[in-house]
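One structure is given here, and the rest of the page talks about it.
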Amino acid sequence: MKQFFPGIKKIRYEGPDSKNPLAFKHYNPNKKIGKKTMKEHLRFSVAFWHTFKGTGSDPFGGPVYDRPWDIANDCMQQAENTMRAAFEFFTKLGVPFYCWHDRDIAPEADNLKETNARLKNIVNLAKKLQHDTGVKLLWGTSNCFSHPRFTHGAGTNPDAHVFAYAASQIKMAMECTKQLGGANYVFWGGREGYSNLLNTNMKHEQDQMARFLEMAVEHKKKIGFKGTLLIEPKPKEPTKHQYDYDAATVLSFLHKYGLEDEYKLNIEANHATLAGHTFEHDLTVASIDGKLGSIDANRGDYLLGWDTDLFPSDIYSATFAMMVIINQRGLGTGGINFDAKVRRGSFDEKDLFHAHIGGMDSFARGLKIAHKIKNDGVLANFVSERYKSFKSGIGRKVMRGETNFRELEKYILKKGEPKKISGREEMLENLINSYI
Ligand code: XLS
Ligand code: NI
Ligand code: NI
């Protein structure tokens, strides 16, 4: 069988002192951190679109990456080569999961029937490769945003014909995900938003979207798909205003339409920062509602205002993310998917390894640090101490619904001015630093 990464052997753990760029310094898959192994905690996944279909093109220049699986003449041969290259990569890197959009793995044909036949073909190959290697599908999703028919959206398109097309496409993608034993199915609202209110009925579009998501639930049950349905928020790009702006917006949408028991969230770092939040903010918003299902790990660039999808390398951010994940005892069926791309100048195949090794090591470090912080309990103790006035006396009555404004007024008239209490932010930041 042709090798696509001939110079690269299986990536191994060599420990923090290793200087080998093709080795893990922190990710040691079988090492236990608490009750679970690192592999079980982190559930790493490679994103098919960036890693195998990305070309490095930007608005100022075309493809630049060297990708030997992309050069066959026949488009289906190319798709097969790409799938084989992907599994060689997953195995050499040692990741347990991968993710795809339907159109990443098989090219679209002239009509839906032929397109579906192509997809089926490649899904059969993926099934065989999954079986041979043990690599599993973290989630499948559908690309309902690249084709010109989706220019005004898919589920929120003002044309019911396009809505029906998107439904047909997602029906097939859900069935393929099920066939491959996918652990989740993701909805990222590609062009579900608007660019101009003058031609937009926002309420109608949101009602449409809710109908779309209801039908997805109905189809999930119909075909017996057991995975989790996930919505991935993003505030802008490609449309000026995406409906799934951030975790809070998506959660209130789900509650408004009674869909909250059927969907969880897939939170992406760079989407959270585009929305003006930190990654850990959106993770926390999802988590406290019991709805943090999975994450797309990447990072923005502070000097650029768009979804740069860089590989994560910030230990603070990874630590804060892992603190939220550990606190809710893991991601369940979800995982950490590197929805990230190498920079335009990193066009070698080897760069793909460096990028993923760095991302995996960053989260492995984050995991180790977060676990230690949690075990020592200092931070948790500080926070619980901060709210202790709600555990007894008047605070307890407030939380139990046993008091009212009149009683609270009486209380203040008697007790007077509250004492100022410092929030100790600098002290706590120093504490975090002492672990990093
Ligand atoms: C784009 C999104 C996309 C989803 C999957 O910004 O991150 O890649 O994760 O459709
Ligand atoms: Ni994403
Ligand atoms: Ni993104």
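Things worth noting here:
- Legend: ranking of residues TRP49, TRP139, TRP69 from fewest to most surrounding C-beta atoms inside 10 Å; resulting order TRP49, TRP69, TRP139.
- Helix-derived mean residue ellipticity, 222 nm - over the chain, DSSP H n ≥ 4, -39500 (n - 2.57), to 500: -14500 deg cm²/dmol
- Simple rule: put +1 on each Lys or Arg Cβ and -1 on each Asp or Glu Cβ in the chain, find the dipole, and look at THR200, ALA380, GLY276; the Cα lying farthest toward the positive end is ALA380.
- Where trypsin sites (Lys or Arg not before Pro) fall in DSSP loop in the stretch 141-240, at most 13 other Cβ within 10 Å: LYS226, LYS240
- Using 0.36 nm per residue and subtracting the Cα-Cα separation, the extra length available between ALA23 and ALA160 on full extension is 44.2 nm.
- The stretch 410-428 and the stretch 239-291 have Cα centres separated by 33 Å.
- Percent RCO, i.e. relative contact order, over the stretch 23-81, from Cα pairs under 8 Å lying at least 6 residues apart: 15
- Note on LEU112 and VAL217: with the Förster distance fixed at 25 Å, the Cβ-Cβ geometry gives a FRET efficiency of about 0.65.
- Cα→Cβ-extended label distance, 7 Å offset, between VAL398 and ASN381, nm: 2.5
- Model label sites at LYS31 and GLU429, defined 7 Å from Cα along the beta-carbon direction, differ in position by 2.9 nm.
- Dipole in debye (nearest 20) - the stretch 315-403, about Cα centre, beta carbon charges: Lys, Arg +1; Asp, Glu -1: 540
- Calculated FRET value between PHE390 and GLU14, using beta carbons and R₀ = 60 Å, to 0.05: 0.75
- Orientation-averaged projected area, Cα convex hull of the chain (nm²): 25.4
- FRET efficiency, HIS204 to PHE405 (Cβ-Cβ, R0 45 Å, nearest 0.05): 0.65
- Spin-label model, LEU413 to SER252: label points 7 Å out along the Cα-to-beta-carbon direction sit 3.7 nm apart.
Values in this text are rule-based calculations from the coordinates and carry no lab data. In this text, all values refer to a predicted model and were calculated from it rather than measured experimentally. Don't worry about glycine lacking a Cβ; one is built from the backbone with ideal geometry, like all the others, and counts go over all protein chains shown.
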